[in-house]
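This report concerns only the one structure given below.
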């Protein structure tokens, strides 16, 4: 992968205490399955993002473990019930050890 | 109004169906009576709201012949039930007399003979006349006009104007809302452009952008008519990206989204809807299943499968209306709404007999203006036909046989494959084959007639795959059109079989030998959903063949043997 | 319909077009999972514990529009409190090269045990979801997704 994947995140605005909000995320990544043969006939080595985690003020909210069946440029949405202001942090972990991070400031009215 | 023809009218007391009058007033007309516009419009109003429904017009601006199917098999729960009835069984169910106007409009046998008595059907100026008459009778504030889609595609003028001709006509007709399917074959940009500039609400609860899964179009709209709040939820054809080229709509995702329909119903009720209408392009069997599973829909206006039924069907608390295709019918549904429920209704499938209905002058002018630049091209006679040329039916139609023969001859192929589209006009024996007639059966945005090698095994896979899309016992797993048409090859099909086991006895007609799984055959076809398919447009192929033959005669096709029905 | 089926290059002719696209990425030449592989995986994870049907809603299309990006949403009925919540949902496919698709792990802070992503499916197959509740109970749901050549208009 030539460029470092940039995550994109959508969180609804105007969150009120008690709301359950849907967070949507996307990240550009080929998700090479390791199940494919290249043009030279040799298997192309696996390289996927294998884990996505979301924490709020350091506490776990949601986690996804992805296998090679997850599509390229993976999309992940999840729900989250913020009860206070804080920071929603999302981390995508690559097979090669790299981590891609996004943080969103959450304000509850 | 002026009737130029005698409409032989049998005395079929179309009493009927427990639910509705259907073509009742026509049926009650005495034998030998002239059929008049007044007969077609005659209707004893009920309640405070009238819904008018047209669908699957396929861009037919002027009257034409369209023969209903003689083979329309239902599988699973749909077997033997309307709309999967044809000819005598259809007439018996809906109490229609053989030889009557209703029989001509709704069944296939004796089509050639009856066409001479009853003439062409449809024409947007006639449709406009009926719509205006109902509005005048009921009051515009009580009438809602809804279009079930497949409106912008199916003719040369629509192809050349990229749907603009029909978009303009439907707007001029005062259409309140529409849904869509073939519209999407003009591509994302064009659909958005036409939808955004039109006064007709373009509804689709089941389309999402495939990046963020957000809705692309408004899912529903609330209308106030006759003092009642009517929520119209729009459902685009859920299988569009499978049945038609996905590359034309690369950013959109469709699907049935049954749960989302339920959510729309709940939201509409919460907003105070008195009546909830699903304006659907799912196809009849899908809507019948949906009606049994999703609660709270009062009316489903069905489309896609081109079924025309002269009576409303009721599934649970939901009424299903099937308004036919090609401008042949305008459905009128009067509703008596009390305490947010349908307390009573009356329904009539109004047949648009073009000789019995006076054209609306304004629409006539609009249609003429649209067609004028193409008049010479459209009326050009390419050849003539000695045979009835029709398309609709589950397997080969004679018009498809003509297209298949054209591909075999003009593309020097052993086998031809032609799509099982449900649209396209019918020509009577003795009719000229004009360029317009050819384009009415072929005018699509991906017309390339390819020529390539396929093995016997691949051909079988294709037939099996398409057969499963039409004969899967669960309608939610069905998609697309009728069975793919074949030329140069014969086969047997057991429609009750399962995926991969329906097709047998594939035979190359030229040699009478079975198709060999590993042997490659030269195949010509058109309407490939793959991008950048190479070949001349199919209308040129058909045109060249007809011009060479001068007179077309199609022998009965016995190459497809059907069992399990 | 038909032509549909028409692959656009000679090479692609060797495999039916639409299926080929998905298969090429997922790996048609290598091992393929089946119902047994999924069963083995389930046994490994849950050691034969009983699974009840219900509470899990598996939302996948009946027919995939594109085998490379098939949307999937899993939702599990749960109050999502500290005392009673959904710990995890595991999703398997019985017709892909590898049976595992994903695992979602929830916490009560999620408020709702629902999540969506998109997956690759090599062919028509069953998708199986198993939800693990905080009290150890297991619930399951299964759905078939048809991956078709397509075409045929209407």
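To the nearest 0.05, what FRET efficiency results for residue A:91 and residue B:457 with a Förster distance of 35 Å applied to their C-beta separation? Computed FRET efficiency for residue A:91 and residue B:457 comes out at 0.15. D for the protein assembly as shown, whole µm²/s, Stokes-Einstein with Kirkwood Rh over alpha-carbon pairs at 4 °C and 1.567 mPa s: what number? The estimated diffusion coefficient comes to 46 µm²/s. Note on segment B:24-369: Rg/Rh from Cα positions, Kirkwood definition for Rh, rounded to two decimals, is 0.94. If both residues of a DSSP beta bridge must be in chain B, then about 60% of such bridges are antiparallel.
Exposure proxy ranking for B:384, B:548, based on other Cβ atoms within 10 angstrom of each Cβ and starting from the fewest, stands as B:548, B:384. Counted over segment B:100-238, the DSSP beta bridges are approximately 60% antiparallel. Here residue B:266 and residue A:57 are evaluated by their C-beta separation; at R0 = 41 Å the FRET efficiency comes out at 0.75.
Ordered from longest to shortest, the equivalent ellipsoid semi-axes for segment B:380-563 are 26, 18, 16 Å, each the square root of 5 times a Cα gyration tensor eigenvalue. Debye-formula intensities of segment B:133-234, expressed as log10 I(q)/I(0) at q = 0.10, 0.16, 0.19 Å⁻¹, are -0.30, -0.73, -0.96 (one equal scatterer per alpha-carbon, no solvent). Seen against the Cα atoms of chain B and their longest principal axis, helix B:361-371 is set at about 20 degrees.
Given a Förster distance of 56 angstrom, what is the FRET efficiency for residue A:30 paired with residue C:135, based on the Cβ-Cβ distance and rounded to 0.05? E between residue A:30 and residue C:135, to the nearest 0.05, is 0.90. For chain A, the normalised intensity computed at q = 0.09 Å⁻¹ comes to -0.28 (log10 of I(q)/I(0), Debye sum over alpha carbons, equal scatterers, no solvent). On a full-extension model of 0.36 nm per residue, what is the gain between residue A:40 and residue A:84, subtracting their alpha-carbon distance, rounded to one decimal in nm? 10.4 nm is the gain from fully extending residue A:40 to residue A:84. When DSSP beta bridges are restricted to pairs lying wholly in the protein assembly as shown, around 75% turn out antiparallel.
In this simple spin-label model, placing a label point 7 Å from the Cα along the Cα-to-Cβ direction at both residue C:81 and residue B:34 gives a separation of 7.9 nm. Label positions at residue B:522 and residue A:107, each projected 7 Å from the Cα along the C-beta direction, are separated by 7.2 nm. Taking the C-alpha atoms only, the angle from helix B:284-293 to the longest principal axis of chain B is near 50 degrees. For segment B:305-386, state what percent of all Cα-Cα pairs lands in each successive 10 Å bin, counting from 0 Å until the bin that includes the largest distance. Result, from short to long distances: 14, 27, 28, 18, 9, 3, 0 percent. Note on residue B:563 and residue C:73: their simple-model spin labels are 4.5 nm apart, each label 7 Å out from Cα toward Cβ. Compared with the dominant principal axis of the Cα atoms in chain B, helix B:456-471 is inclined by about 10°.
Each value in this text was obtained by applying a stated rule to the coordinates, not by laboratory testing. Every value quoted in this text rests on a predicted model; they were computed, and no experiment measured them. Note: ideal-geometry Cβ built from the backbone for every residue, glycine included; neighbour counts use all protein chains shown.
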